[in-house]
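In what follows, a single structure is set out as structure tokens and then discussed.
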Amino acid sequence: MNCYSAILGWLFAAFFVCEIQAQNEKVLNLQHFDRKWYHFGFSLGVNTGDFGLKHDLNPDDYDTTKTLVGLEVKKQSGFNLGIVSELHFLQPYWSLRFVPALSFSQRNLEYRFLEDGGEVKLRTKPIESTYLVFPLLIKYRSERHNNFAAYILGGANYSLDLASQHKVDNSINVNDEIVVKIKQHSFNAEVGFGFDFFLKYFKFSSEIKYSIGMHDVSIDDNTIFSDPIQSLRPKMLVISLNFEG
């Protein structure tokens, strides 16, 4: 998580530096930007993947030859690449934002089984995902103060997991070969905030977004790893830098 601390520190430092500069700024950059009906750009970001997990360590149909004493999610880091398109329908404050993105993420499920000798054995099941994300968001921007403005946004996205292993037949796998399967399609709610900096040739934005799944994406195929799971809801925190013109 050190990279996230560094990025957050940089974002806050950039905010304060630009705010100080804005106090003495005389020339407005991109003076006609707010008159546009639409604009485009691209986005680069890092993410932290997570799951909202509900589980039962002793389900009725559970394999009693294994005693599960713990199950938890370990967050992992990934990155995002996106294309920004924005429609200004109530200039300059309200806009409709569409940022289709390719998102590489991972979460690890850690299972702790009690062995016959009393030893607890840890088994980790990584869930790797490559999402095509299609978010539709409403953005509200504050009044521009010289070359700076803040904004909030919210909406929802549809995600298609290109790396989903939902078709894997676990009946032919044993022990460490068994995979935890999740659904290929998901719908997620999104909220976030950010800062717009109007530079000489383009608008630069730093943004933080959080998304959470609206439904359970787990697939129960009667394995010792899927039986204890009652529900899995995807969660993701994304820190991105946007370059828009």
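What follows draws every value from the coordinates through simple rules; no lab data is involved. Model, not experiment: these values are computed from the prediction. Reconstructed Cβ throughout: ideal geometry from the backbone, glycine too, with neighbour counts over all protein chains shown.
Mind ordering 211-222, 158-169 by average Cβ neighbours within 10 Å, highest first?
211-222, 158-169
Taking the Cβ of SER164 as the centre, find all other residues whose Cβ is under 14 Å away and add up their charges (Lys, Arg: +1; Asp, Glu: -1).
Taking every other residue near SER164 into account, the sum is +1.
According to the Kirkwood expression over distinct Cα-Cα pairs, how big is the hydrodynamic radius of segment 36-144, in Å?
17.5
So which aspartates and glutamates pass the test for LYS181, namely a Cα distance under 17 Å, with those fewer than 8 places away in the same chain ruled out?
ASP50, GLU72, GLU110, GLU128, ASP161, ASP169, ASP216, ASP220, ASP221, ASP227
Quick check: convex hull of the Cα atoms in segment 2-244, volume per residue, rounded to a whole Å³?
Spread over its residues, the Cα hull of segment 2-244 gives 121 Å³ apiece.
Scan around GLY70 for amide H atoms under 5 Å from its own, H built in the peptide plane at 1.01 Å from N, and keep only partners 5 or more places away or cross-chain.
Long-range HN contacts for GLY70: ARG112.
Could you pull out which residues in segment 116-135 have an amide N less than 18 Å from a spot 7 Å beyond the Cα of ALA163, following the Cα-Cβ vector?
Answer for segment 116-135: 124-134.
Pull out the extension gain between PHE79 and PHE104, defined as 0.36 nm times the separation in residues minus the alpha carbon to alpha carbon distance; nm, one decimal.
Additional length available on full extension: 8.4 nm.
I need the peptides 105-111, 27-33 ranked by packing, meaning the mean over residues of other C-beta atoms within 10 angstrom, with the highest value on top.
105-111, 27-33
Just to check I understand the Karplus step: with θ = phi - 60° and J = 6.51 cos²θ - 1.76 cosθ + 1.60, what whole-Hz values come out for segment 195-209, glycine and proline as x?
Working through the residues one at a time gives 10, 9, 10, 8, 8, 5, 10, 7, 9, 10, 10, 10, 9, 10, 10 Hz.
Residue by residue through segment 216-233, what is 3J(HN,Hα) from phi via Karplus (6.51 cos²θ - 1.76 cosθ + 1.60, θ = phi - 60°)? Round to whole Hz and write x for glycine and proline.
6, 10, 6, 10, 8, 10, 6, 10, 5, 9, 8, 4, x, 7, 8, 6, 10, 10
With θ taken as phi - 60° and the coefficients 6.51, -1.76 and 1.60, list the Karplus ³J(HN,Hα) couplings across segment 162-171 in order, rounded to whole Hz; mark glycine and proline as x.
Once θ is set to phi - 60°, the couplings for segment 162-171 become 6, 9, 4, 9, 5, 9, 5, 8, 6, 5 Hz.
Amide H neighbours of SER164 under 5 Å, counting only residues 5+ apart in sequence or on other chains, H built in-plane at 1.01 Å?
Close amide H contacts, sequence-distant or interchain: THR130.
When you count, for each residue, the other Cβ atoms within 10 Å and take the mean per peptide, how do 187-193, 141-147, 228-234 rank with the highest first?
228-234, 187-193, 141-147
What pairs from LYS200/LYS235; LYS75/LYS167; LYS139/LYS203; LYS74/LYS139; LYS54/LYS139 go past 27 Å between their alpha carbons?
Among LYS200/LYS235; LYS75/LYS167; LYS139/LYS203; LYS74/LYS139; LYS54/LYS139, the Cα-Cα distance tops 27 Å for LYS200/LYS235; LYS74/LYS139; LYS54/LYS139.
Give me the base-10 log of I(q)/I(0) for segment 113-224 at each q in 0.10, 0.11, 0.12, 0.16 Å⁻¹, Debye formula, one uniform scatterer per Cα, rounded to two decimals.
Rounded to two decimals, the profile gives -0.52, -0.59, -0.65, -0.86.
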